[in-house]
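Data first, discussion second: the structure below is written as structure tokens.
Bear in mind these aren't lab numbers, they're just calculated from the coordinates by the rules spelled out. Treat the numbers as computed from the prediction; the structure is a model and nothing was measured. Virtual Cβ from ideal backbone geometry, glycine too; neighbours counted across all protein chains shown.
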Amino acid sequence: MNPVSNDQRLGNSLQDQCVLLVGGSGGIGQAIAEALLAYPVRELIIASPKPAPLAGGLARASSETVDVADPASVRALAARIEAHDVGIVINCAGINGSCRVFSPDAQRLARREMDVNYFGLLNLAQVFGPVLRERGGGTFMTFLSFVSHVNLPLMATYSASKAAAHSLLQALRAELTPYGVVMCGVYPTAVDTEMTRDFDGPKESPSDLARVVIESLVAGAEDVYPGAAAAAHAGFVADPKATERAMAQSVRST
Ligand SMILES: NC(=O)c1ccc[n+]([C@@H]2O[C@H](COP(=O)([O-])OP(=O)(O)OC[C@H]3O[C@@H](n4cnc5c(N)ncnc54)[C@H](OP(=O)(O)O)[C@@H]3O)[C@@H](O)[C@H]2O)c1
């Protein structure tokens, strides 16, 4: 008997799945869509504020619109795709105002970041958590950030919204794990997308990240620290205060 290759193993686990990819028009979302369509997933539904361009795998991919900040929009999306038996939800919707605490626009941007990054997760989870629970299990993966754990003051209000979403994910996990729903958080450092256009430091490639995402889905992981995030998180766990001081340098040096 031939040994099963890694790609076959991943394909076997994903086949017959319908995946809902929210924020699928963004840099990370597009990379995940492309990576997923390389496997025999039954269907991929890409949901974003405007209809997403559909690249490869057209027959298995479709596009929906949603505003995650609006509970009615999320409920309407769920009603439209009810018959598709979604078993995996991946939430890549997010915004980053790159806003410091004393920026003139901080109040407005902080509220908008909370609306999308925190309430967006709450809205999606309140609708799709029960959908996954009622079907007997599934996976709900959401993109958080390394800055969920420690604030980067150059993007202070974004970090706070990601910390709130991290806390919410812990409560969602307590509620849904007993029903076979894996609640997974992904905590990357910088990834090379539109969101980090003005950031000069090292960035992960979205396609490398997408590979880790698929491995993590199949493994049933709850906490994912892809690429450089693994060492960054280990450093944070070993000495949280030293990490906080290192992050503070981001504003001292500007
Ligand atoms: N890039 C990084 O360095 C990095 C690092 C850590 C974590 N993350 C997180 O990873 C996720 C994906 O980021 P990305 O780099 O792919 O960013 P991106 O390229 O800016 O994509 C963000 C996606 O979110 C969508 N979106 C924004 N507001 C929305 C709303 N109200 N409802 C539904 N969708 C909405 C965007 O749609 P439109 O384009 O149509 O607005 C887009 O599809 C985000 O949660 C981000 O915070 C990113």
Rank ASP208, ASP105, ASP115 by mean-square fluctuation in a GNM of the chain with C-alpha springs under 10 angstrom and give only the top-ranked residue.
ASP105
Calculate for the chain the 222 nm mean residue ellipticity that helices alone would give, adding -39,500 (n - 2.57) per DSSP H run of length 4 or more and normalising by residue count, nearest 500 deg cm²/dmol.
-14000 deg cm²/dmol
Give the Rg (one decimal place) followed by the Dmax (whole number) of the chain, computed from C-alpha coordinates and expressed in Å.
18.0, 66
LYS203: which aspartates and glutamates have alpha carbons under 16 Å from its alpha carbon, excluding same-chain residues fewer than 8 sequence positions away?
ASP192, GLU194
Restricting to the stretch 6-252, what percent of DSSP beta bridges are antiparallel, rounded to 5?
5
How much FRET efficiency would the formula 1/(1 + (r/R0)^6) give for ASP198 and ALA242, where r is the Cβ-Cβ distance and R0 is 30 Å, rounded to 0.05?
0.65
Which residue, ALA171, ALA160, ALA210, has the most motion in a Gaussian network model of the chain that connects Cα atoms within less than 10 Å?
ALA171
Starting from the 7 Å offset along Cα-to-Cβ, what nm value, one decimal, do you get for the label separation of ALA219 and SER207?
2.2
